[in-house]
Amino acid sequence: MNDISQSPQRRQIAPGGQRSLLPSPEQRERLRKRRAFKDHFSRYGIGIAGIGVVAALAMIFVYLFSEVAPLFRSASVAPQASYSVPGVGADDELVHLTLERYNQLGTSFSQLGNVTFFETEDGAIRTQFALPIPEQATTMAVATAVANANAVAYGFDNGQVSLGVLEYALSYPDNLRHIEPDLALPLGDEPITLDEQGRAIEVLGVQVSDRGTYIAAATEDGELLLASFERRENLMTGEVSIEQDTVTLPAFDGEPRQILIDGRFRHLYVGDDAGRIHHYDIGNLDSVDYLGAVQVTDQGQVTKMAYLNGTVSIIAGTSDGQVRQYFPVRQSGGQHSLEHIRDFARYQGAITHIEPEYNRHGFLVGDDQGYLGIHHTTAGQDVFQARMTEGPLSRIAVSPVNTMALIVDDQRQLQRAEVANRHPDISLSSLWGKVWYEGRSEPRYIWQSTASTDAFEPKMSLMPLTVGTLKAAFYAMLFATPLALMGAVYTAYFMTPKLRGKVKPTIEIMEALPTVILGFLAGLWLAPFIEGSLPAVFSVLLLMPLAMLAFAYVWSRLPEGIRRLAPEGWEAALLVPVILLVGWFCVAMSPHLEIWLFDGNMRQWLTDIGIVYDQRNALVVGIAMGFAVIPTIFSIAEDAVFNVPRHLTQGSLALGATRWQTVLGVVLPTASPGMFSAVMMGFGRAVGETMIVLMATGNSPIMNFNIFEGMRTLSANIAVELTETAVGSSHFRVLFLAALVLLAMTFVVNTLAEIIRQRLRKRYSSL
């Protein structure tokens, strides 16, 4: 016989004569340690998982912030080298300075017609050219075309002009980049006569584009001349001929100081010595119109004018340090008037130079106190301002890629400076405020991020996208919330358990339906159907509730024996034929209603009364997205109603309340925190929805809540444009900002929802 004391288990006689095995102290200790280990593992495991979720959410915010932060980083200009301007002698004068896109070569133009290409690193001269200058003639005026044209015109005291265009040939010998500069003469190797009378040209303006070449001049006696040049080449002989057409412009009171011509050859502007800019319409040289003048300053002169990229906006600098933007605005009569758009930071001295950036709507400004400033028109902000030289700044050249600048003072000392200015076009005002964009008659909220040319002014206001997001969510919730909440209350409280067991899983399965399918059906089937059956849509909204109420009234008046044929809790099934019949009736009557009430076309009738109708609109999105949101709201709200303690409802019924009184007085207040959470979850789902709004709307970033017009949401915009934008560009980072706004929006809404839910729970917890 084995010794019981040495057995790992104790034998004990249980009541009834049966023996049971109890764990030994050693086993109990092992079990205790195992339970303690599991408790600690669960505690710390769940804690770590919770912290991981919070950390993951925080990392999302951190990553988005890291992509967005460079948008608001300040600009800087850092001088790197200094040397005398190459190619300009002591008896000469620098009249123009340029910089090519790779920042290797700079070009100086002297008053004597010398064109010098030099290395920006140390000022070493690479090569030199000479513009054709008439014998015994003196340069009286110099003008430059838009920056990316690289064209410079010289006007002489005998009425002639010369035009030179910079060209760069790029090659890669031994896998090293080599830039070979050249000077082209598009109007020929000899100067062209602009004034047949041989008067001296005091002021000159030039513009070169694929449309041809225009040159305007003010002669010594104040007459304004405008000449168009068209270059023709004989395909057989290769002979080049220049056709010239010269007209005289209407005169004005004042002395011309500077002339600008736009790239489409429609507008010409002349700044005078009285602080005014005179505007001419030169679209038709046979009938040039003088459109009037604007007063830029009353206390000085317009010292410098320059076209921005695209040759629409003019930046005017004055002798009293003002910097202002103007561009033509079309009036009701069809003519354009030059309008003052915005002002920039005022300088301490007279403006001596304005240099536009090549591929965006920014510009650099220098004054006679040595200050350099960088500004951007779309953002309406002053990006940078600092004193760079002791004396006046005479010339500024900026790289076509905006990473380097050449700055020259009145002593012909040149500074090569590195420019860090990646995103000057983005500011809080351009993202969230109204902006007066070029070509618009007034400030507006616009999202239009890209176009086919560099002359385009990006419009990246987030307001239309934010309003579109709220618009889509609003109409989706307007459709889904009543159906989901009332359906949840009925299913949880009135419906028989057997029917509830079929209805609830069916609706929850709807949540697994891919939203791309809903968007596809909404865009290709629902939108055309609604457009062709608009009376049916409004008939359903009106007749369906009335028909359901009428059926309920008739049912309540039927004999009790007939009503007992339908088991309690199955009444909803009786409404299915009514719903189908009313829906069919509304669709069948739609063409007749359209003929009787809307002259056969309800869409045209809406247009005639001033309501814009788009086929893919907020109504379509509301219905389609509502179907996607209903399962979310229904499932959470139904659980909240179903889990109301039964003793509360039974107590209410026992006190004599009807079932509907119990629902209103007991069930809804008790379940309100969960129902509110359901609505907020549905709203969050609607705000972040992408595929439905992408496929069921026209994706038009408009600012209204018209149910018959489309919209563009933040999420859909990100999905459409993120794959097409350049990494690191302003557009790229603004899309990340849109994602951050969307995330912040849902975070704020959910936080407020949780606060309200907790207050509701605390308020009704005593029930």
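Computed values, structure above
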| read-out | value |
| --- | --- |
| Set Val206, Val152: member being touching a residue at least 60 places away in the same chain (Cβ under 8 Å) and of a type in the set (Val, Ile, Thr) | Val206 |
| Among (1) in contact with a Lys or Arg (Cβ under 8 Å, 6 or more places away or on another chain); (2) of a type outside the set (D, E, K, R); (3) in contact (Cβ under 8 Å) with a residue 24 or more places away in the chain; (4) under 25 Å from Glu531 (Cα atoms) - the single one Asn699 does not satisfy | (3) |
| Residues of region 522-549 classified as surrounded by fewer than 17 Cβ atoms within 10 Å (Cβ to Cβ) and more than 24 Å from His592 (Cα to Cα), total | 2 |
| Residues that are buried (at least 18 other Cβ atoms within 10 Å of the Cβ) and more than 29 Å from Thr506 (Cβ to Cβ), drawn from region 642-666 | Ser652 |
| Per-region count, region 592-640, residues acidic (Asp, Glu), more than 30 Å from Val503 (Cα to Cα) and touching a residue at least 12 places away in the same chain (Cβ under 8 Å) | 2 |
| Region 101-119 - residue that is touching a strand residue (DSSP E or B) at 6+ places or on another chain (Cβ under 6 Å) and aliphatic (A, V, I, L, M) and, of those, farthest from Ser394 (Cα to Cα) | Leu105 |
| Residue among Gly123, Gly159 that alone is crowded, with 22+ Cβ neighbours inside 10 Å, in contact (Cβ under 8 Å) with a residue 12 or more places away in the chain and at positive phi | Gly159 |
| Positions within region 733-756 being loosely packed, with under 15 Cβ neighbours inside 10 Å and either within 18 Å of Leu428 (Cβ to Cβ) or in the same structural domain as Thr450 (by TED's automatic domain parsing) (or both), in sequence order | Ala744 |
| Residue among Arg603, Arg564, Arg557 that alone is of a type in the set (Lys, Arg), within 29 Å of Ala476 (Cβ to Cβ) and assigned by TED's automatic domain parsing to the domain that holds Val693 | Arg603 |
| Residue in region 362-370 that is charged (D, E, K, R), at pLDDT below 95, on the phi < 0 side of the Ramachandran plot and under 24 Å from the mean Cα position of the chain (by Cα) present | no |
| Residue, surrounded by the fewest Cβ atoms within 10 Å (Cβ to Cβ), within region 311-339, restricted to residues that are part of a strand (DSSP E or B) and either among the hydrophobic types (A, V, I, L, M, F, W, C) or assigned by TED's automatic domain parsing to the domain that holds Ala379 (or both) | Val329 |
| Flag for Ile692 being in the same structural domain as Met486 (by TED's automatic domain parsing), surrounded by fewer than 20 Cβ atoms within 10 Å (Cβ to Cβ) and outside any loop (DSSP other than H, G, I, E, B) | no |
| Qualifying positions in region 500-516 - surrounded by 13 or more Cβ atoms within 10 Å (Cβ to Cβ) and in a helix (DSSP H, G or I) | Arg500, Val503, Lys504, Ile507, Glu508, Met510, Thr515, Val516 |
| Region 717-761, residues that are charged (D, E, K, R) and more than 30 Å from Phe676 (Cβ to Cβ) | Glu721, Glu724, Arg733 |
| Filter result for Thr237 (in a strand (DSSP E or B) and over 44 Å from the mean Cα position of the chain (by Cα)) | no |
| Filter result for Phe37 (touching a residue at least 60 places away in the same chain (Cβ under 8 Å) and part of a helix (DSSP H, G or I)) | no |
| Tabulated pairs, region 671-695, first farther than 11 Å from Ile756 by Cβ, second at pLDDT below 90 and assigned to a loop (DSSP other than H, G, I, E, B), C-beta under 7 angstrom, 6+ apart or interchain | Ala671/Val644 |
| Meets criteria (over 30 Å from Gln301 (Cα atoms) and aromatic (Phe, Trp, Tyr)) for Phe229 | yes |
| Residue check for Leu170: surrounded by 14 or more Cβ atoms within 10 Å (Cβ to Cβ), assigned by TED's automatic domain parsing to the domain that holds Leu225 and either touching a residue at least 40 places away in the same chain (Cβ under 8 Å) or assigned to a strand (DSSP E or B) (or both) | no |
| Residue check, Val329 more than 30 Å from Glu100 (Cβ to Cβ), among the aliphatic types (A, V, I, L, M) and over 25 Å from the mean Cα position of the chain (by Cα) | no |
| Test for Ala147: is it buried (at least 17 other Cβ atoms within 10 Å of the Cβ), under 22 Å from Gly373 (Cβ atoms) and touching a residue at least 40 places away in the same chain (Cβ under 8 Å) | yes |
| Residues of region 396-426 satisfying the condition of being of a type in the set (S, T, N, Q), in contact (Cβ under 8 Å) with a residue 60 or more places away in the chain and assigned to a loop (DSSP other than H, G, I, E, B) | Ser399, Thr403, Asn421 |
| Residue list for region 374-388, restricted to those being part of a loop (DSSP other than H, G, I, E, B) and surrounded by fewer than 21 Cβ atoms within 10 Å (Cβ to Cβ) | Gly380, Met388 |
| Top-ranked residue in region 670-686 [being crowded, with 21+ Cβ neighbours inside 10 Å and under 26 Å from the mean Cα position of the chain (by Cα); ranked as modelled with the lowest pLDDT] | Arg685 |
| Flag if Arg733 is part of a loop (DSSP other than H, G, I, E, B) and modelled with pLDDT of 90 or more | no |
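Per-residue answers, yes or no, for (1) within 30 Å of Gly468 (Cβ to Cβ); (2) out of contact with any Ser or Thr (no Cβ under 9 Å at 6 or more places or on another chain):
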{"position": "His592", "(1), (2)": "no, yes"}
{"position": "Ile595", "(1), (2)": "no, yes"}
{"position": "Val612", "(1), (2)": "yes, yes"}
{"position": "Leu619", "(1), (2)": "yes, yes"}
{"position": "Ala628", "(1), (2)": "yes, no"}
{"position": "Ile633", "(1), (2)": "yes, no"}
{"position": "Ala637", "(1), (2)": "yes, no"}
{"position": "Pro645", "(1), (2)": "no, no"}
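The values are calculated or read from the model by the stated rules, or taken from the named source; none is laboratory data. Being a predicted model, the structure only gives us computed values, none of them experimental. For neighbour counting, all protein chains shown are included, and Cβ atoms are generated from backbone atoms with ideal geometry for every residue, glycine included.
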